[in-house]
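Participant: Dropping the structure in here first, questions after.
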Amino acid sequence: MDVKFPVDELILIAPEIILCGFGLLLLLIEVFLKTKSKSFLGILTLVSAGSALVFVLKLSSFSTDLFFGLYSLDSLGSLTKGLILVMLILVVIMSLRYVEREEVISGEYYPLLLFSTLGMMIMVSSKNLLTIFVGLELMSLSIYILVGLFRDNLKAAEASLKYFLLGAFASAFLVYGIALLYGSTGSLDIKGYLEVIAKGDTSTVLIIGVALIAVGFAFKIALVPFHMWTPDVYEGAPTSITAFMAAGVKSAAFVTFLRVFYTAFLPLIKQWGDILWLLAVITMSYANLTALVQQNIKRMLAYSSIAHAGYILVAFVTGEKILSSSIIYYLVAYTFMNVGAFSCVILMGRKGEENLDIDSYAGLSARHPFVAFCLTIFLLSLTGVPPLAGFMAKFYVFSTAIKAGYVWLAIIGVLNSVVAAYYYLRVIMYMYFRDPVKEIGRIDLSPSYILVSLICIFFLIYTGILPRELMLLAEGAVSVFF
Amino acid sequence: MSEYIWLIPCFPAVGFLINGLLGKKLPKAVVSWVGCLSVFFSFVCSAVLFFELLRLAPEARIIEKDVFDWIVSGEFVTRVGFRIDPLSIVMCLVVSGVGFLIHVYSVGYMHDDPGYSRYFTYLNLFVFMMLILVTANNLLLMFVGWEGVGLCSYLLIGFWFEKDSASNAGKKAFIVNRIGDYGFLVGIFLLFVSLGTKGVWTLNFSELERNANLLSESLTALITLLFFIGATGKSAQIPLYVWLPDAMEGPTPVSALIHAATMVTAGVYMIARLNFLYSMAPEIMFIVALVGVLTAMFAASIGFAQYDIKRVLAYSTISQLGYMFVGVGVGAYAAGIFHLMTHAFFKALLFLGAGSVMHALAGELDMRKMGGLKKYLPTTHWTFLVACLAIAGIPGLSGFFSKDEILWKAFLFPHAGVLIYIIGLVTAGMTAFYMFRLLFNTFYGKERLDEEVKHHVHESPKVMTIPLIILAILSIVGGYVGIPHALGGGAHFEKFLEPVFRGVSQKADYHHSLVVEIGLMVLSVIVALIGIYVAYVYFLKKPDLSEKFVKKHEKLYKTVHNKYFVDEIYGFLFVDNLLRVGRFLKNVIDEAIIDGIVNGLGYFMRGLGGILRFLQSGYVQAYAFSMIVGAIVVVGYLLVKVIP
Amino acid sequence: MVEFSYNLYLLLSAILFTIGAVGVITRRNGIIVFMCIELMLNAANLAFISATGIHKGLEGMIFVFFVMTVAAAEAAVGLAIFVMIFRLRGTISVDQMNLLKG
């Protein structure tokens, strides 16, 4: 067989190549750098992410399969890649100061961020389970390390261990599921499954395979009962990494989940629809109820992120291809509000004293009105208050459910948002109506955090008031399912 | 230029932002320039557009421009878009023109106020909202303006919020307006839904007009009635007029701009804008005209017995607004708008004149403590006199043309037109009487000033008198654009507005007798002269006559002086009962029952959360176990579901 | 000659997978837990290889190589984490890690 490597297709994966190249380059440079000048690495990371973003935008009009179908370029992938890169840029901007403050000595911080992002990008732009698996593992392995990057911190170490063990455990489910699917169909391409299923050939092995793949993704997007790592890992990880995980990993995994299930398994919607319905309800309710009693704000946000996964799942279970744009919209809005919220959480802390207790936020409005204002915007958006993007996102998701006939699911979702409002607004109440309980010292109002917060606020307000453009983009993205 | 219609409301918005965000740090001069120029630019834009419109053929005089999509939901799209046609351009010119003069006047009037920049911020916001209201090309955007001017009105009435009476008046205005707005909003909903079920989801005026025939008669009547309820709130008609007299707590230029010249006419504008709906509901038009004329007479009679000059003017405004409603109610939309315009000139002038008097007398409002001011305030005096003549309907001044036009059209109105005409005519006489009572008491006769005030009575600065003079000129010549055919004029104003009211204007041609028309004019002039003469006799020639009269009819006088106790009746009927219901709802329903349930649920949820958190034991193997259980459930369920 | 039976291989791999999963939730020692996970991955490998037997394609085999590579990478990361934990706490018993909970 004479197969030539398609060299000319390389340009089409320029963003991935840039990230990979810069990741390796940074590892090399790091060796020669003095410990003081870590921000140089950060700037280089920004440069690489920025240029990758430019390429993603340039290539966004392409829609083609590359490398013998192992990789693809399409609107869904491009939009998600763009989102992930923007998220990376925001995280890197806030890391510039955060890394300096926490005196991270290991230089792998930025390269690992790049590799992890690369993994996400690979994952979201493939229709082949092999590539998806590789991307997923690249993303996860980098994050296992990033979580435990503060080597002397007991909590970080424990979070790292938990995430690693459970992540590997979930990967085993995923791989086994892929193996079973391969066994029953002989294909690794998700379009291949569609053909088999369309023929009505649904063996037990295939069904178990589908279920196990669902379990693997459910772990990454933290659906109850596969969520238990989330609060612990989110709490233990460095806060910038928490933001990275909450926004990036979840978006990438959700998009891949969406792609796999909506491309291949839609004919089986009746079957998995029910089970996901149940998962959505359990996820929303469990996460919101548990979040009510959290005192640690990172933990609270972790439960909130689980709950948001539940909301998104509400739109997911409908199996309506057209309406799945609401999922994309939600992910985008969710990314910005979470990154923003975590940037405020970072802002509140100092080296060795993170001030994660909700009591630390009491009376914040008087001492630092700007921080209080930013956090209020993010929390309101998470609550789903108009005119912020969080509201439109919830609106689209629930209206999707209603249009598809899942009225009860939408009602449960709305009731859950009401419960959720309690713990979001509680923080706002603490900030504005409580007297300070404890001394939290001077806050480091570095421009890097302010910039991130302002970008996120702008975005949330803009897309909240004028949701049309983003919605059109999202509709373009999900057009790949037709 | 027609591409840039949005610039008209845009300028005041910019002024609002500059003054609102930076006003406290900017010097006063900059604040004044920003405030005045922004409105002036709007005026210039409006004027340019006006001449552009004139160049077009009468039928083509509609320029619509959508700026961006605002709300998109299924088939329904509402855009932020503007519409310039003869009706809206007239409103734009009046709002920005009179608005500009009042801004300039305010520079002098508010000069020493500590809230100077706040004042101009609100005032610019008001002009912005008002321009949005009159240029919007759909009901929803119009409603934004409608609510926006309501907000500004509230803010400006309560401008001196340290004063209890001012902040209460603000609240009263806001709440009473809410009642009307509620009607307006329900009307919008009803219109939207009833057209929507016929397949036309739209709120755009042109599209509404095209599709209005889809509506059934009864629905149209209900919708227009609801809109009229909205109009009675904003334009201070029976039964919702009670807020306007109290609104005089605000700074006087505000009363001139918002509560006389522009905002309160929004209801008239709205009805004129929706003329195609109203023409389909003749019963409602009759109600509009009736309410209008009754309000006109009722308010005029209250004006007899007030001593506070601003309150007299307030009742006069209500009364004149009644005339405008008579105009639009009898289908003479052009006449209504004509009176709206001339009224804007002379009523703004009257208020600014009153402001000038207050300025001279250190805030004195009671006409019993004035008199003989003519020699101290010459400019204020003659401009005030012009305005009084105009409002009284003396031939040659603007008020004469517009008021007579309305009365004439009312006379021709087939449903009880003569009755409306007679009430209107009597009211015209009453108007002349109480306006001249005000004039004589203030500027003529014996000086009744307090001693210490007397020392520094002074004419106002140029920045205040020049707007007065310009408005006085406008009050005279403003009517010449609409001289009726009967007097050899060209009725240009009516012709200009005709395209907007095409096909719906009153068919006024039947027994159009020149003799009758001129006869009626002469009659109304005579009535006005009688009013003036009576005022002259009672208040200038033999002042003791009026005192005797008051003593003789003390009960009647007290009733009128206390505004027929309407406030008290409303208080007894509605406010007290509502408060009682409110207290019941709060104490029993809300605090005991609802709060009980909600709090109970809240505690329950928290308790549940507290239990659930123990599942999160911290042991990684427990987590793995939960995953395995989950996986078994998922796999098992799918197997059961797929393989029977 | 014994005939190739995909189902029997699948059964074996399922048993291996289950043993691995049970090991993960019962063993205390972190390294053994991790090895149980490796066992699960190898169960998947077995399933892949046996599937190649019926489909005559190469993809399954190639996937096995990728799984092995990933497993190796996981081992590297995992051991590093265990070393870190051991340095901090002097034990790698997973049932002693419950600082984070609730």
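Participant: Find the relative contact order for the stretch C:6-90 and round it to a whole percent, using C-alpha pairs within less than 8 Å whose residues are 6+ positions apart. Each step should come with its number before you reach the end.
Facilitator: Details: 63 pairs, mean separation 23.3, N = 85.
Once normalised by length, the contact order is 27 percent.
Participant: Which ordering of C:24, B:291, B:326 is given by a fewest-first count of other beta-carbon atoms within 10 Å?
Facilitator: On the way: C:24 28, B:291 20, B:326 33.
Ascending number of Cβ neighbours within 10 Å: B:291, C:24, B:326.
Participant: May I pose another question? Principal axis extents for chain A, Cα atoms only, whole Å, descending order, please.
Facilitator: Between the extreme Cα coordinates on each principal axis of chain A lie 68, 57, 41 Å.
Participant: While we're looking at this one, here's another question. Mind sorting A:101, B:55, A:299, B:448 by how few other Cβ atoms lie within 10 Å of their own Cβ, fewest first?
Facilitator: Numbers: A:101 16, B:55 8, A:299 24, B:448 13.
Listed from fewest to most nearby Cβ atoms, that is B:55, B:448, A:101, A:299.
Participant: Arrange the following residues from fewest to most other Cβ atoms within 10 Å of their Cβ: B:453, A:215.
Facilitator: Working: B:453 15, A:215 24.
If I rank by nearby Cβ atoms, fewest first, I get B:453, A:215.
Participant: While we're on this one: Please report, in cubic angstrom per residue, the volume enclosed by the convex hull of the alpha-carbon atoms of the stretch A:271-482. Write out the running numbers ahead of the final one.
Facilitator: On the way: hull volume 24.8 nm³, N = 212.
Dividing the Cα hull volume of the stretch A:271-482 by its residue count gives 117 Å³.
Participant: When the convex hull of the C-alpha atoms of the stretch B:25-76 is computed, what volume per residue in Å³ does it have?
Facilitator: Numbers: hull volume 5.9 nm³, N = 52.
Cα-based convex hull of the stretch B:25-76, divided per residue, equals 113 Å³.
Participant: How big is the Cα convex hull of the stretch A:1-70 in projection, averaged over all directions, in nm²?
Facilitator: On the way: hull surface 25.1 nm².
Mean projected area of the Cα convex hull: 6.3 nm².
Participant: Restricting attention to the stretch A:395-450, which trypsin sites (Lys or Arg not before Pro) occupy a DSSP loop and are surrounded by at most 13 other Cβ atoms within 10 Å? If you can, show how the numbers build up before the last one.
Facilitator: Numbers: sites: A:403, A:426, A:434, A:438, A:442; in loops: A:434, A:438, A:442.
When the trypsin sites (Lys or Arg not before Pro) of the stretch A:395-450 are filtered for loop state and at most 13 Cβ neighbours within 10 Å, A:438, A:442 remain.
Participant: Treating only the Cα positions of the stretch B:284-331 as identical point scatterers, give the base-10 log of I(q)/I(0) from the Debye formula at each q in 0.18 Å⁻¹.
Facilitator: Here the Debye-derived log intensity ratios amount to -0.48.
Participant: Another question about this same structure. In Å and on Cα atoms, what radius of gyration and Dmax does the stretch C:6-90 show?
Facilitator: 15.2, 50
Participant: Moving on. Please express the shape of the stretch A:394-439 as an equivalent ellipsoid: the semi-axes are the square roots of 5 times the eigenvalues of the C-alpha gyration tensor, given largest first in whole angstrom. Intermediate results must be reported in sequence, preceding the final value.
Facilitator: Values: eigenvalues 240, 14, 6 Å².
In descending order, the three semi-axes are 35, 8, 5 Å.
Participant: Just the number: Rg to Rh for the protein assembly as shown, Cα atoms, Kirkwood Rh, two decimals.
Facilitator: Numbers: Rg = 38.3 Å, Rh = 34.9 Å.
On the Cα set of the protein assembly as shown, Rg over Rh gives 1.10.
Participant: Just to confirm the filter: which trypsin sites (Lys or Arg not before Pro) across the stretch B:166-264 are DSSP coil and have at most 16 other Cβ within 10 angstrom of their Cβ?
Facilitator: Numbers: sites: B:171, B:172, B:178, B:198, B:210, B:234; in loops: B:198.
Passing both the DSSP loop test and the Cβ count: B:198.
Participant: Which of the GluC sites (Glu not before Pro) found in the stretch A:96-169 are loop residues per DSSP with 11 or fewer other Cβ atoms within 10 Å of their Cβ?
Facilitator: Numbers: sites: A:100, A:102, A:103, A:108, A:137, A:158; in loops: A:103, A:108.
Loop-located and lightly packed - A:103.
Participant: At a Förster distance of 60 Å, what's the computed FRET efficiency of residue A:195 paired with residue B:171, Cβ-Cβ distance as r, to 0.05? Numbers along the way, then the final one.
Facilitator: On the way: r = 70 Å, r/R0 = 1.17.
The calculated FRET efficiency here is 0.30.
Participant: What is the mean projected area of the alpha carbon convex hull for the stretch B:261-347, to one decimal in square nanometres? Walk me through the numbers before you get to the answer.
Facilitator: Working: hull surface 20.3 nm².
Computed as one quarter of the Cα hull surface, the answer is 5.1 nm².
Participant: Per the Kirkwood formula on distinct C-alpha pairs, the Rh of the stretch B:83-164 is how many angstrom?
Facilitator: On the way: mean 1/r = 0.0738 Å⁻¹.
For the stretch B:83-164, inverting the mean 1/r across all distinct Cα pairs yields 13.6 Å.
Participant: If you don't mind, there's one more thing I want to ask. Counting Lys and Arg as +1 and Asp and Glu as -1, what is the net charge of the other residues whose Cβ lies under 11 Å from the Cβ of residue B:534?
Facilitator: Overall, the nearby charge balance is +2.
Participant: Also, quick follow-up: Could you run the Debye sum over the Cα atoms of chain B, one equal point scatterer each and no solvent, and tell me log10 of I(q)/I(0) at q = 0.05, 0.10, 0.12 Å⁻¹, two decimals?
Facilitator: -0.27, -0.89, -1.26
Participant: Roughly speaking, what % of Cα-Cα pairs in the stretch B:321-376 are separated by over 14 Å, rounded to a whole number?
Facilitator: 63 percent
Participant: How many nm is it between the label spots at residue B:21 and residue C:18, if each spot is 7 Å from the Cα in line with the beta carbon?
Facilitator: Here the answer is 6.8 nm between the modelled labels.
Participant: Now, a different point. On alpha-carbon atoms, Rg over Rh for the stretch B:369-460 using Kirkwood Rh? Numbers along the way, then the final one.
Facilitator: On the way: Rg = 17.6 Å, Rh = 15.0 Å.
Taking Rg over the Kirkwood Rh, I get 1.17.
Participant: Tell me, what ³J(HN,Hα) does each residue in the stretch A:261-276 have, in order and in whole Hz, if you take phi through Karplus 6.51 cos²θ - 1.76 cosθ + 1.60 with θ = phi - 60° and put x for Gly and Pro?
Facilitator: For the stretch A:261-276, the Karplus curve yields 6, 7, 7, 9, 10, 4, x, 8, 3, 4, 6, 6, x, 4, 5, 5 Hz.
Participant: Another question, then. Cα to Cα, under 16 Å, and not fewer than 8 places away if on the same chain: which lysines meet these conditions relative to residue A:270?
Facilitator: A:321, B:641
Participant: Largest first, please: the extent of the C-alpha atoms of the stretch A:8-133 along each principal axis, to the nearest Å.
Facilitator: Principal extents (largest minus smallest coordinate, Cα): 45, 24, 22 Å.
Participant: Hey, what does the equivalent ellipsoid look like for the stretch A:245-347, semi-axes from the Cα gyration tensor as sqrt of 5 times each eigenvalue, largest first, whole Å?
Facilitator: Numbers: eigenvalues 141, 52, 16 Å².
After scaling each eigenvalue by five and taking roots: 27, 16, 9 Å.
Participant: Further, regarding this structure: Count charges around residue B:168 for me, please; just the other residues with Cβ under 13 Å from its Cβ, Lys/Arg as +1, Asp/Glu as -1.
Facilitator: -2
Participant: What are the radius of gyration and Dmax of the stretch A:166-243, computed over its Cα atoms and given in Å?
Facilitator: In order Rg, Dmax, the Cα atoms of the stretch A:166-243 give 15.6, 49 Å.
Participant: Hey, another quick one. Residue B:593 versus residue B:375, label points 7 Å from Cα toward the beta carbon: distance in nm?
Facilitator: 7.3 nm
Participant: Nearest 0.05, what FRET efficiency do residue B:307 and residue B:492 give at R0 = 35 Å with Cβ-Cβ as r?
Facilitator: Working: r = 41 Å, r/R0 = 1.17.
Computed FRET efficiency for residue B:307 and residue B:492 comes out at 0.30.
Participant: In Å, what Rg and Dmax follow from the Cα atoms of the stretch B:188-234?
Facilitator: Values for the stretch B:188-234 (Cα only, Rg and Dmax): 10.7, 32 Å.
Participant: On to the next question. May I ask you to list the aspartates and glutamates whose Cα is less than 16 Å away from that of residue A:155, ignoring any residue fewer than eight positions away on the same chain?
Facilitator: A:102, A:232, A:235, A:353, A:354, A:357, C:95
Participant: Additional query: Kindly count the pairs of lysines across the stretch B:467-593 whose alpha carbons are less than 27 Å apart, treating pairs on different chains or eight or more residues apart as eligible.
Facilitator: 15
Participant: Oh, and also: May I ask for the net charge around residue C:44, where only other residues with Cβ less than 15 Å from the Cβ of residue C:44 are counted and Lys, Arg are +1 while Asp, Glu are -1? Let's see the in-between values first.
Facilitator: Details: positive: none; negative: A:137, C:38, C:59, C:74.
Result for the local shell: -4.
Participant: For chain B, the longest stretch holding no GluC sites (Glu not before Pro) located in a DSSP loop with at most 12 other Cβ atoms within 10 Å is which?
Facilitator: Working: sites that count: B:75, B:162.
Result, exposed sites excluded: B:163-644.
Participant: How many percent of Cα pairs in the stretch B:491-598 exceed 16 Å?
Facilitator: Working: 4677 of 5778 pairs.
For the stretch B:491-598, the fraction of Cα-Cα distances above 16 Å is 81 percent.
Participant: If you average the sequence gap of Cα pairs under 8 Å that are 6 or more apart and divide by the length of chain A, what percent do you get for the contact order? Walk me through the intermediate numbers first.
Facilitator: Values: 787 pairs, mean separation 73.9, N = 482.
So the answer I get is 15 percent.
Participant: Right, something else. Efficiency by 1/(1 + (r/R0)^6): what FRET value for residue A:472 and residue B:632, r their Cβ-Cβ distance, R0 = 41 Å, to the nearest 0.05? Each step should come with its number before you reach the end.
Facilitator: Numbers: r = 42 Å, r/R0 = 1.03.
The computed FRET efficiency comes out at 0.45.
Participant: Relative to 2.2 N^0.38 Å, what does the C-alpha radius of gyration of the stretch B:560-644 come to as a ratio? Two decimals please.
Facilitator: Values: Rg = 29.4 Å, N = 85, 2.2 N^0.38 = 11.9 Å.
Expressed relative to 2.2 N^0.38 Å, the Cα Rg reads 2.47.
Participant: Can I ask one more? Simple spin-label model, 7 Å along Cα-to-Cβ: residue B:76 to residue A:39 in nm?
Facilitator: 5.2 nm
Participant: Relative contact order, percent, of chain B when contacts are C-alpha pairs under 8 Å separated by at least 6 residues?
Facilitator: Numbers: 1009 pairs, mean separation 74.4, N = 644.
Relative contact order comes out at 12 percent.
Participant: For a 24 Å ceiling on Cα separation, which of these pairs sit above it: A:298/A:351; B:310/B:462; B:25/B:347? Mind showing how you got there, number by number?
Facilitator: Details: A:298/A:351 16 Å; B:310/B:462 22 Å; B:25/B:347 35 Å.
Flagged as over cut-off: B:25/B:347.
Values quoted throughout were computed directly from the atomic coordinates according to the rules given, and no laboratory measurement underlies them. Worth saying up front: this structure is predicted, and the values here are computed from it rather than measured. Counting neighbours? That spans all protein chains shown, and the Cβs are built from the backbone with ideal geometry, glycine included.
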